[in-house]
Amino acid sequence: MEEVIYVSTISVVMPAFNAEEYITKAIKSILKQTVPVQEIIVVDDGSVDQTSHIVEGLKEQYPMIKLVKQENKGVSNARNLGMKIAAGDWILFLDADDECRSNLIETYRSKLATSSKDYDIAMVYTAFQQVDEQSTEISKPLRGKRLAGEEGFCDILMRNPIVSPSGVLVKKIALMETGSFNISLKYDEDVDLWIRLLEHFTIEYIDEPLSLIRRHLNNTTSSMSVSHNAEKLILDKYGIDYIKEKLFKRNFSFEKNSLDYALFLLRYEKLEECQRLLTSLNIKKESASYITFCFLRSVCFIHKQNFELAIEQYKIIFSLNKEHGASLNNAGILSMVNGDAFHAIQYFNQSLFCFPGYLDAKHNLQLAELGEVKVDPYRFTLRELRPVLLTYSKD
C-alpha cells in the first residue's frame with residue numbers, strides 16, 4: 001500500500017501592521033473553517049492603530065488565538081517569529097487583510113492525505129481570488145500549477161504563479177531547514193523562499209480559488225513598480241548562466257527552452273545576445289510558440305527604436321490573435337508616435353477590454369487622449385500578460 005502524508009497539526013501565522021480595518025475578517029475566516037486549526041498566532045508588527053486591541057477582544061472569546069507584539073521590523077520578520085513559536089507541524093500563512101474560504105484547511109488536509117510520499121511535499125497552495133475592500137471578487141481566479149525541480153525553479157522566476165504567501169500551507173521543518181524568509185528583502189521575499197524550497201522539495205497545487213487576496217491602497221503588493229524592482233534583486237542573485245543551465249535541463253523542446261532563455265536575456269538587458277538567439281531559431285507560423293517568438297522580436301526592435309519592424313511583428317500577431325494584450329498596448333504607442341491617434345486609441349481600448357485593470361494601457365490611453373506624440377512618456381509592456389492580471393492600486 002502506498003504511504004501517504006499525515007498532517008497532524010496546523011498553526012496559522014498572521015503578520016499584522018495597522019490592520020484594524022480587516023483583521024477581524026481575516027481571523028473569522030479561520031475560525032469558520034470546517035476543520036479547525038490548532039492555533040492562530042497574530043504577530044503585531046508595531047501597529048499604531050487598534051489592531052492589538054481588536055485581537056485581545058477576540059482572544060477572550062477564542063483561546064486558540066495568541067497575540068505576539070514586536071517593534072516594527074517588517075512582514076518577513078513577523079512571519080519568521082510566528083513560525084518559530086508555532087506548535088503546529090504545518091503552518092498556514094494568512095495576511096491580516098486577506099481571507100480564505102471555509103473549506104481551505106479541509107481541502108489542504110485532503111490533498112496531503114491523498115498525496116504519495118514519493119514526492120517530498122513541503123508546501124501546498126490554491127488558486128487565488130482577488131477581492132476588494134468589501135470582499136467582492138474583482139477578477140477571475142489566478143491559477144497556478146504544481147512546482148518541482150528545474151521546471152518549478154524556472155516557472156517561479158519567469159512568472160511566479162504563487163501570487164502571495166497569504167493562504168499557503170508550508171511544512172514547518174522544511175521552513176526551518178531552508179532558512180525561512182530573508183528579512184533583508186522587503187519585497188518578493190516569498191519568491192526567494194519558494195525557490196530555496198524547490199531545491200529539495202515539491203510544491204503542490206489545488207486548482208480551487210480558496211485564498212482571497214485583498215487589493216486596497218495600503219497593502220504592500222499594491223505597487224507594480226516596487227514589485228518589478230524587487231524582481232531584479234532576485235534575478236541578480238542567480239545570474240543568467242545559472243538560469244540558462246536550469247532552463248535547458250527541463251524536459252521541453254529546444255524551441256520552448258530557447259524562447260524562455262530569450263526572455264531572460266531581455267530581462268538581463270542582454271539585447272544583442274537575445275537578437276542573435278532569435279535570429280538563429282527557425283520557428284514556423286504553425287508553432288504554438290510563434291506568437292511568443294514574434295513578440296520577443298518586437299521587444300528587441302523597440303529597444304533598438306526600430307519601430308517599423310516592431311509594427312510588422314504586431315501585424316503578424318494580430319493575424320493569429322486579435323486579443324494579445326501586450327501587443328495591443330505596444331502597437332497603440334507606435335501608432336500614436338506615427339501620428340495615428342484614431343487607431344492608437346482603438347488599440348488601447350481593445351487591450352483594456354480584454355484585460356481590465358491593465359495599468360500600462362490605462363496610462364497610455366490617458367496620454368493618447370491628451371494628444372501626446374513623444375514616445376518617452378508611454379509605457380511599453382515588455383512581457384506577455386498573464387491570462388488574468390494582478391490588480392494593483394498604483395503603478
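Laboratory data are not the source of any read-out in this text; all were calculated from the coordinates shown. What you see is a predicted model; the values in this text were computed from it and never measured. Note: ideal-geometry Cβ built from the backbone for every residue, glycine included; neighbour counts use all protein chains shown.
Using 7 Å Cα-to-Cβ label points, what is the residue 308/residue 321 separation (nm, one decimal)?
Result for the modelled spin labels: 2.8 nm.
For the chain, count all C-alpha to C-alpha pairs, find those more than 35 Å apart, and express that count as a whole percent of the total.
Of all Cα-Cα distances in the chain, 33 percent exceed 35 Å.
List the lysines whose alpha-carbon lies under 24 Å from that of residue 362, not counting same-chain residues fewer than 8 positions away?
140, 315, 322, 374, 394
Which one of 357, 156, 331 has its Cα pushed farthest toward the positive end of the charge dipole of the chain, where Lys and Arg give +1 and Asp and Glu give -1 at the Cβ?
Most positive-ward Cα: 331.
Ranked highest first by the average count of other Cβ atoms within 10 Å around their residues, in what order do 171-182, 329-340 fall?
By packing density, highest mean first, the sequence is 329-340, 171-182.
I'd like the distance separating the alpha-carbon centroids of region 139-212 and region 254-279, in whole Å.
That distance is 25 Å.
Would you mind pulling out the separation of the Cα centroids of region 20-45 and region 305-349, in Å?
47
To one decimal place, what Kirkwood hydrodynamic radius in Å is obtained for region 346-391 from all pairs of distinct Cα atoms?
By the Kirkwood definition, the hydrodynamic radius is 11.2 Å.
Grab the beta carbon distance between residue 176 and residue 253, set R0 = 51 Å, and tell me the FRET efficiency rounded to 0.05.
For R0 = 51 Å, the calculated efficiency reads 0.85.
Report the gain in length on full extension from residue 240 to residue 282: 0.36 nm times residue separation, minus Cα-Cα distance, nm rounded to one decimal.
Extending this stretch completely gives an extra 12.8 nm.
With N set to the number of residues, divide the alpha-carbon radius of gyration of region 52-99 by 2.2 N^0.38 Å and report two decimals.
Ratio of Rg to 2.2 N^0.38 Å for region 52-99: 1.20.
When all alpha-carbon pairs of region 1-131 are counted, what percent fall beyond 19 Å?
Of all Cα-Cα pairs in region 1-131, 49 percent lie more than 19 Å apart.
Count neighbours as other Cβ atoms within 10 Å of each site's Cβ, and list the chymotrypsin sites (Phe, Trp or Tyr not before Pro) in region 63-149 that are DSSP loop with at most 14 such neighbours.
119
Calculate, for residue 114 and residue 34, the FRET efficiency according to 1/(1 + (r/R0)^6) with r their C-beta to C-beta distance and R0 22 Å; round to the nearest 0.05.
The pair residue 114/residue 34 has a calculated efficiency of 0.80.
Once the convex hull of the C-alpha atoms of region 283-369 is built, how many Å³ does it hold per residue, rounded to a whole number?
Roughly 88 Å³ of hull volume per residue.
Considering every pair of different Cα atoms, what Kirkwood radius, in Å, is found for region 225-345?
Computed over region 225-345, the radius equals 15.6 Å.
Do the alpha carbons of any pairs in 25/66; 237/270; 171/232 sit beyond 22 Å of each other, and which pairs?
In this structure, 171/232 lie more than 22 Å apart at Cα.
For n ≥ 4 DSSP H runs only, could you compute -39500 (n - 2.57) per run for the chain, divide by its residues and tell me the 222 nm figure to the nearest 500?
-14500 deg cm²/dmol
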